[in-house]
Amino acid sequence: MTIHKNLIAGEWVGSDGVANINPSNTNDVIGEYARASADDAKTAIAAAKAAFPAWSRSGILERHAILKKTADEIMARKDELGTLLAREEGKTLPEAIGETIRAGQIFEFFAGETLRLAGEVIPSVRPNIGVEITREAVGVVGIITPWNFPIAIPAWKIAPALAYGNTIVFKPAELVPGCAWAIVDILHRAGLPKGVLNLVMGKGSVVGQAMLESPDVAAITFTGSTGTGKRVAAASIEHNRKFQLEMGGKNPFVVLDDADLTVAVEAAANSGFFSTGQRCTASSRLIVTEGIHDKFVAALTEKLKTLVVDDALKAGTHIGPVVDASQLKQDTDYIEIGKGEGARLAFGGDLLTRDNPGFYLQPALFTEATNAMRISREEIFGPVVSVIRVKDYEEALATANDTPFGLSSGIATTSLKHATHFKRNAEAGMVMVNLPTAGVDFHVPFGGRKGSSYGPREQGKYANEFYTTVKTAYTLA
Ligand code: NDP
């Protein structure tokens with residue numbers, strides 16, 4: 001089997017490979033992917049540093065052309081890349097193709113942003129002096145990504161980093177090297193100069209750690225778990241470097257007595273269980289007022305019975321497998337914890353057998369949960385959802401906000417008063433009214449508050465806050 005190599009200083013390098021396994025069928029080896037060492041990471045950082053002066057001064061048309069070409073190729077190959085994504089991560093084929101299209105749209109958006117770079121000219125408070133405010137590239141950006149969005153998250157970090165003139169060392173999650181390799185291959189062939197984008201596939205504790213320890217990495221953008229995020233923060237403060245963290249969530253979805261039951265059930269099922277519950281914006285706490293509680297639980301349970309859990313590539317599958325054995329163990333451990341805490345397992349939670357060996361878990365719905373239980377406070381990152389019964393809107397809002405996290409928060413209601421109040425008072429970076437907590441646009445800010453995020457927002461034009469640094473220049477006329 002050919003080894004997919006790392007890209008360092010414009011050359012494909014590496015000899016020994018690690019097998020990339022399909023979670024829908026563990027007999028299916030998707031490919032062999034090189035494993036970088038700490039020294040490889042250092043070489044990649046040096047290459048990115050050497051490439052920075054020329055790339056940061058490159059013409060905007062050159063950057064536009066490369067990003068646009070990349071967008072066009074991703075769109076043209078959306079079915080093939082979506083299939084690779086579904087095979088290596090386990091989300092369903094329609095979800096995977098949707099994520100691939102989103103990656104293409106992100107490259108297209110940031111291709112456009114290269115043509116919209118602007119500054120400000122402002123009069124000085126002193127006579128005969130002009131003031132110019134401009135944005136410049138930051139330097140070498142380290143990009144560290146998780147496994148759950150193998151093409152969209154790399155896209156929404158790589159595209160703005162390049163658009164604003166930074167060079168990159170990119171370390172994808174070990175579980176999903178396939179999409180990372182494909183996107184880097186496309187950008188490389190689109191004409192990026194040597195060293196501008198370096199790919200170092202390998203272990204976080206080795207390659208990621210080498211990036212954290214390097215004084216030559218000027219900024220790190222990280223998406224992943226809270227634990228690793230804290231390491232990124234500590235190491236970045238040590239080096240006086242810019243950093244941005246997107247971490248976990250325990251997103252609430254409130255259902256009020258006046259909700260449209262169909263809208264509430266569809267949004268809750270989507271938020272909690274689609275993409276196997278493996279989305280940072282997934283809702284794992286359904287906070288339901290008592291007047292609609294029993295009707296809602298009954299309707300959601302009926303809905304869950306119709307959802308097909310099977311091979312991600314099979315037509316008709318609604319929920320693919322869990323990503324790997326260790327995540328599956330985490331999910332089933334939490335199901336036991338929930339039972340032990342006194343919540344009632346109202347539906348699912350069993351391991352499932354399918355035609356091929358894979359990590360199949362029936363969606364699990366707990367009722368009679370409280371917000372104090374571990375299953376309501378800790379991120380599970382699987383298809384495991386709890387229903388918390390509350391008296392009224394005020395208690396629902398207080399419960400929704402009673403969490404260490406603050407990424408996304410949703411409400412199902414037909415009341416303008418409650419929708420408006422919730423939008424204003426939900427302690428989250430993103431608020432959804434009559435919509436799932438997950439599923440966002442690519443051209444507007446993404447990010448959270450409290451323990452979910454740190455630093456500037458990602459995506460849309462707000463991305464320039466992280467990928468550029470501001471300069472104020474004074475000139476005597
Ligand atoms: P991890 O934190 O384990 O891994 C994220 C990335 O960090 C991986 O590339 C990993 O490499 C790397 N890494 C691990 N250890 C180190 C280290 N010491 N130094 C530098 N890098 C390191 O998260 P997961 O990949 O398991 O992703 C799941 C988590 O991510 C969930 O908690 C989820 O909520 C969160 N997440 C948050 C999102 C958000 O936007 N808020 C979006 C998506 C996920 P390797 O894979 O090789 O270990």
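The values are calculated or read from the model by the stated rules, or taken from the named source; none is laboratory data. Treat the numbers as computed from the prediction; the structure is a model and nothing was measured. All Cβ positions, even for glycine, are placed from backbone atoms using ideal geometry, and neighbour counts span all protein chains on display. Note: accessible area is taken over every heavy atom of the protein model, side chains too, but ligands, DNA and RNA are not part of it. Shrake-Rupley method; radii C 1.70, N 1.55, O 1.52, S 1.80 Å.
For Thr414, the amide hydrogen comes within under 5 Å of the amide hydrogens of Asp258, Ala259, Asp260, counting only partners 5 or more places away or on other chains and with H modelled in the peptide plane. When the pairs Lys303/Lys417; Lys295/Lys417; Lys230/Lys329; Lys42/Lys203; Lys5/Lys157 are compared against a 26 Å limit on Cα-Cα distance, Lys303/Lys417 fall above it. So in the chain, what percent of DSSP beta bridges are antiparallel if you round to the nearest 5? Here the antiparallel bridges make up roughly 40 percent for the chain.
Its relative contact order, with pairs defined as Cα atoms under 8 Å and 6+ residues apart, puts region 335-477 at 15 percent.
Our summary gives the chain a relative contact order of 18 percent, counting only alpha carbon pairs under 8 angstrom and 6 or more residues apart. Sorting the segments 466-473, 331-338, 197-204 by their mean number of nearby beta carbons within 10 angstrom, highest to lowest, gives 197-204, 331-338, 466-473.
Note on region 339-406: Cα convex hull, mean projected area over all directions, 5.6 nm². Accessible area per residue for the chain, computed on protein heavy atoms with a 1.4 Å probe, is 39 Å².
Relative contact order of region 251-433, taken over Cα pairs closer than 8 Å and 6 or more residues apart, is 29 percent. Annotation: amide H of Ile287 within the under-5 Å range of Phe253, Val254, Val255, Ile388, sequence separation 5 or more or interchain, hydrogens built in the peptide plane. Among 122-131, 164-173, sorting by the average number of other beta carbon atoms lying within 10 angstrom of each residue, highest first, gives 164-173, 122-131.
For region 77-82, backbone phi angles converted through the Karplus equation (6.51, -1.76, 1.60; θ = phi - 60°) give residue-by-residue couplings of 9, 4, 6, 5, 5, x Hz, Gly and Pro being listed as x.
Distant-in-sequence amide contacts of Leu361, defined by a placed amide H-H separation under 5 Å and a gap of 5 or more residues or a different chain, comprise Val322, Leu352. Extension gain for Asp333-Asn425 works out to 29.8 nm (0.36 nm per residue, less the C-alpha to C-alpha distance).
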